[in-house]
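Taking it in order: structure first as structure tokens, then the write-up.
Nothing in this text is a laboratory measurement; each read-out follows from the coordinates by a stated rule. The structure displayed is predicted, hence computed values, not measured ones. Quick reminder, even Gly has a Cβ in these numbers, built from the backbone with ideal geometry, and neighbours come from all protein chains shown.
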Amino acid sequence: MNTQENSLSRRNFLSAAALGAMVAPVLLADDDKKLSVSADGKIFNEPAMALPLNSDADVIVCGAGPAGVTAAITAARAGAKVRLFELHGSLGGVWTSSLLGYLLDFDKPGFNVELVRRLRERDAINGGGMNGLSYQPEEMKLLLEELCAAAGVKVQLHTRVAAAYREGRTLAAIVTESKSGRQAWKAPVFIDTTGDGDLGAQAGCEFEIGREKACPCQPMTMYALLVVKDVTQIADCIHGTGDNGRHVGPKAFQDTLKRAGVTPSYGHACLFPIHGNLVLLMANHEYGINATDAAQVTEATLRARGEVHQIVRGLRKLGGPWDGLQIAATPAQIGVRDGRRIRGRYIVTSEDLVKGATQDDAVVRATFPVDIHALSAEDNKKSAYGNAGVKMKPYDIPLRALIARDVDGLMLAGRCISGDFIAHASYRVTGNAVAMGEAAGATAAVAAKSKSAPHDVPWSEVKPVIEKVRQRI
């Protein structure tokens, strides 16, 4: 993309973002602003509001993480009018707002290939091949904005899905909250790519969280970007990247942490190369946190950031190559592994992984092993992560697992799709999330154009759309 194209793409993106603020709520009358509570003072009666209803989209995507941006771009490239809502101030979700910094199970065709190629063109990626690659989060933000602009996706940042409304079984409209207040949006098809399944839960779908019905969950992690004096002096502490990368960093780094007198909450702490002397720290675990409980997530975030600073101070005191070590950034959102899994029309299970299941409507063949991080600090002392004894074979994720069972017109992509705890610990990584987003976006576009529900669209009609979109990459 040349400089002129970049400029045009940025203008298009800004114009599309501005359109999101055009629909404003009707203000409450003064009488409706008076406090109304129950006799016992425990219930607040919120007045109803009349909201203008925007219906200019064929597909609405909620959540702009790896699955969400891919779904939005794919649907738009397939000819649909798309709106994309994101809670944070950038596109990319866990890639950018959580500073994940590492691309796993990424050797998949389609948008995965395009993304890696474009990041390489910007000198913004480390490692050869298509797997285990580290990247520059700021370049990722910019690239995703430009791709959404070029595809014609209407983006609105700083916006949370607050409510969902159905007509019978069909999801008909959502309400968002932002600086613009409450806004209502209608579309033929919606895609939940919130990570934690927020939209599916609000629409009334059944779901599970964690190992049982509601936790224990996999731990959260706060990453951090660090600036070192000279990365070549700590090469033995840096995690390998790419297909040919030697994963020798963690042991040497853990020895260094012991010398520094710090014991990270994650027992397999490591550093990833980002660019030059900029590295990524992964050393934190926050155990037993329910991602849908704001108070718990807040406590975990504050505790985690404090631990990151403690680790950096300890390393800095070692002097030598660690002298002057600085934190460049901590993330806007602590990294979440485990949220709601919305019940779909197929449940991906551990049995699918053990037998290497094949599916007629396969959207992606997952190859990442079961990766369950320690569920408690005590478990972490024994092993930082494990596979629960499940040795997986490459397996298919079917389109049916991306279609909500309880609500029509709603699709899922990313880690909130329909699966059990063990299967989720394999398919949750972002290479698979991208492939799911691609399939959900194409299916939603076909459904909207044909005035059908996603569950009535056969995979045989979706697959050619995906192939046609990929030809343009």
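For segment 145-194, the gyration tensor built on C-alpha atoms gives an oblate shape. Its axis ratio a/c (a ≥ b ≥ c) is at least 1.5, and a/b is not larger than b/c. When only alpha carbons are used to place a centre, segment 179-207 and segment 146-175 end up 7 Å from one another.
Among Arg166, Arg340, the order by Cβ neighbours within 10 angstrom, fewest to most, reads Arg166, Arg340. The angle separating the long axis of helix 66-77 from the principal Cα axis of greatest extent in the chain is about 50 degrees.
Between the Cα long axis of helix 3-19 and the first principal axis of the chain there is an angle of about 50°, rounded to the nearest 10. At full extension, Lys229 and Arg303 could sit 23.9 nm farther apart than now, given 0.36 nm per residue minus the alpha carbon distance.
Write down the percent of antiparallel bridges among all DSSP beta bridges whose residues are both part of the chain, to the nearest 5. Given both bridge residues lie in the chain, the antiparallel proportion sits at roughly 70 percent. Taking other residues whose beta carbon is less than 12 angstrom from the beta carbon of Val429, and scoring Lys, Arg as +1 and Asp, Glu as -1, yields +1.
Straightening the chain between Ala332 and Asn387 buys 16.9 nm, computed as 0.36 nm per residue apart minus the Cα-Cα spacing. As a calculated quantity, the FRET efficiency between Ile473 and Ala39 at R0 = 45 Å, using C-beta atoms, amounts to about 0.15. A simple spin-label model places pseudo-atoms 7 Å from Cα toward Cβ; at Met49 and Arg120 they are separated by 4.8 nm. Taking the centroid of alpha carbons for each part, segment 66-113 and segment 260-292 are 24 Å apart.
Charged neighbours of Asp56, selected by a Cβ distance under 12 Å, balance to +3 (K, R count +1; D, E count -1).
When Lys and Arg each count +1 and Asp and Glu each count -1, what net charge do the other residues less than 10 Å away from Tyr287, Cβ to Cβ, add up to?
Neighbourhood net charge equals -3.
Helix 459-471 and the long axis of the chain differ in direction by around 60°, with both axes built from C-alpha atoms. Using a simple spin-label model with pseudo-atoms 7 Å out from Cα toward Cβ, Asn277 and Val113 lie 3.9 nm apart.
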